[in-house]
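First the structure, in the form of structure tokens, and then the observations on it.
The values are calculated or read from the model by the stated rules, or taken from the named source; none is laboratory data. Owing to the predicted nature of the structure, the values given are computational and were not obtained by experimental measurement. With ideal geometry, Cβ positions are generated from the backbone for all residues, glycine too; neighbour counts draw on all protein chains shown. We work out accessible area using only protein heavy atoms, side chains counted, and drop any ligands, DNA or RNA first. Shrake-Rupley method; radii C 1.70, N 1.55, O 1.52, S 1.80 Å.
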Amino acid sequence: MGDVWTLDSTAGELLLHTGVAGRAASMGHRLTIAMTRWRATVRWAGAEPIAAELAVEVNSLEVLRGEGGIKGLSGPEKGLVRANALRSLDAGRYPDIRFVAAAIDKAADGYRLSGTLHIRAASREHVIDLRTDDVGDSWRMTAQSTVKQSDYGVKPYSLMMGSLRVTDDVDVSFTAVHVKDN
């Protein structure tokens with residue numbers, strides 16, 4: 001039986017970064033959103049990872065900040081953005097987002113995880129390049145990925161008849177640290 005790593009938000013962060021588009025884009029905010037409850041598990045056979053899965057609680061979405069726009073995002077506006085995002089993701093019916101790696105291949109600076117991303121009722125093939133760095137007593141893992149909302153049946157939020165809208169592409173960044181076994 002191999003080793004299993006379990007990581008959660010105490011080990012790192014999972015952030016979403018949105019853009020704005022449309023004729024009135026200068027009025028909108030580029031958002032940074034944290035997913036505050038997630039769990040990653042990695043199963044190992046010797047020195048090689050053989051399985052990986054990430055599960056994210058949609059309801060853990062927290063709006064951290066909005067850049068750009070006419071003025072900064074207030075607390076109530078962050079609450080409205082959160083409510084709109086949860087509605088777009090249909091969090092009541094689909095409380096989790098999952099990525100399950102079907103293949104893990106060694107890469108020059110880490111691993112390439114090829115698998116399936118499940119958002120709402122849609123599942124699509126997705127590839128994540130995970131960088132790993134040996135930082136002495138622990139491993140640091142980082143990844144950047146882009147997810148197109150419409151591929152998963154998520155309609156990007158818009159207002160003013162579409163003249164201000166969230167871009168379809170959402171950039172996802174992941175950072176975590178796992179302390180090495182002694």
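Which pairs have Cβ atoms under 8 Å, sit 6 or more apart or on different chains, and link a residue in the stretch 75-97 that is at negative phi to one that is modelled with pLDDT under 90 and open to solvent by 60 Å² or more (accessible area, probe 1.4 Å)?
Pairs found: Asn84/Tyr157; Ala85/Tyr157; Ser88/Lys155; Ser88/Tyr157.
Out of the residues in the stretch 39-79 that are under 14 Å from Leu16 (Cα atoms), assigned to a strand (DSSP E or B) and touching a Ser or Thr at 6+ places or on another chain (Cβ under 6 Å), which is least open to solvent (accessible area, probe 1.4 Å)?
Leu64
List every residue pair whose Cβ atoms sit under 7 Å apart, with the two residues 6 or more apart in sequence or on different chains, where the first one lies in the stretch 105-118 and is within 16 Å of Ile50 (Cβ to Cβ) and free of Cβ contacts under 8 Å to residues at least 12 places away in the same chain and the second, anywhere, is assigned to a strand (DSSP E or B) and of a type in the set (Lys, Arg).
Close Cβ pairs satisfying both conditions: Asp105/Arg112.
Let me confirm something: among Ala85, Ala103, which residue is of a type in the set (A, V, I, L, M, F, W, C) and under 23 Å from Val63 (Cβ atoms)?
After applying the criteria, what remains is Ala85.
Note down all Cβ pairs under 8 Å where the first residue falls in the stretch 140-163 and is within 20 Å of Arg98 (Cα to Cα) and modelled with pLDDT of 75 or more, the second is part of a loop (DSSP other than H, G, I, E, B) and open to solvent by less than 70 Å² (accessible area, probe 1.4 Å), and they're at least six residues apart or on different chains.
Going by the 8 Å Cβ cut-off, the qualifying pairs are Lys148/Asp168; Gln149/Pro156; Gln149/Asp168; Ser150/Pro156; Ser150/Asp168; Val154/Leu89; Pro156/Thr167; Pro156/Asp168.
If we keep just the residues of the stretch 80-102 that are of a type in the set (Val, Ile, Thr) and in contact with a Gly (Cβ under 8 Å, 6 or more places away or on another chain), which is least open to solvent (accessible area, probe 1.4 Å)?
Val81
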